[in-house]
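Below you'll find the structure, written out as structure tokens, and then a few comments.
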Amino acid sequence: MTNIRRWAGRSQANETRVDISAIYQQCILLLGEQAVGVNFWLASDYQHLTLPNLLLDQLLINSMTNAVQQGATDIMLRCQAEEHDGKQWLVLYLSDDAGGFDQAQLKAQHLPENLPSQYAAQSTKAGGLGLGLMICQRLCKSLRGMMQLNNIDTEHEIEQFYQVMSSEQHRFKRSLNGRIQLLQTNANYQLSNTVGAQISFYLPLSLANNDEKL
């Protein structure tokens, strides 16, 4: 944990071109047995992003860990270019069907950064924002982006998923022997809960400008 906090606090000068699907699958494997029985969805208008080394890995694994710990049976990653407050962003939406954030977690995202040192320990407990999500928030700000937490209607998110106009629509599962299985997406698929949590990462659109949109 100390190494992660040190890594998150330093400047990440080395940028690399990363494959979104490959990093997502890698994070599924890193979850280990926690990922068994969970459906992982991906819909993206972009195949690659140019980011500081390991940054996408950190954003995804922290968010996905938070989702599985809350009991998610479906985790969805949707990547699109969208307008927000009059500016174009590249937005990564990481959603689940675990019932949503509680009010304490939603309020915690608006707390100032200069919190007392003991807050990080408190935030790892139920009701806090969580140290992993605090790291994600800081990483987004290092790129002049932002992170938002919201509760969503999961059926609506599935509809949004199928509306992504790209060939990058997949559903994955991790098998007991540690392999990724590619499954068919089904427009009639039912999620286990109608309320879910969504973490939105708003990143500069220039991170995808060197890539052809799918």
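Of all residues in the range 118-145, those satisfying the criterion of being outside any helix (DSSP H, G or I), surrounded by fewer than 20 Cβ atoms within 10 Å (Cβ to Cβ) and modelled with pLDDT under 80 are Q118, T124, K125, A126, G127, G128. In the range 44-103, of all residues being of a type in the set (S, T, Y) and part of a loop (DSSP other than H, G, I, E, B), the one that is modelled with the lowest pLDDT corresponds to Y46.
One residue stands out in the range 146-165 among those that are within 18 Å of F40 (Cβ to Cβ) and among the polar types (S, T, N, Q): the one that is surrounded by the most Cβ atoms within 10 Å (Cβ to Cβ), namely T154. Only one of (1) over 30 Å from S206 (Cα atoms); (2) at pLDDT 90 or above; (3) of a type in the set (A, V, I, L, M) is not met by L115, so which one is it? The number of the failed condition is (2).
Matching residues to (1) crowded, with 22+ Cβ neighbours inside 10 Å; (2) of a type in the set (D, E); (3) more than 17 Å from I158 (Cβ to Cβ); (4) in contact with a Leu (Cβ under 6 Å, 6 or more places away or on another chain):
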| position | (1), (2), (3), (4) |
| --- | --- |
| Q26 | no, no, yes, no |
| L29 | no, no, yes, no |
| G32 | no, no, yes, no |
| G37 | no, no, yes, no |
| A43 | yes, no, no, no |
| H48 | no, no, yes, no |
| N62 | yes, no, yes, no |
| I75 | yes, no, no, no |
| G86 | no, no, yes, no |
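The values are calculated or read from the model by the stated rules, or taken from the named source; none is laboratory data. Just so you know, these numbers come straight off a predicted model, no measurement behind them. Here the Cβ is made from the backbone with ideal geometry for all residues, glycine too, and neighbour counts use every protein chain on show.
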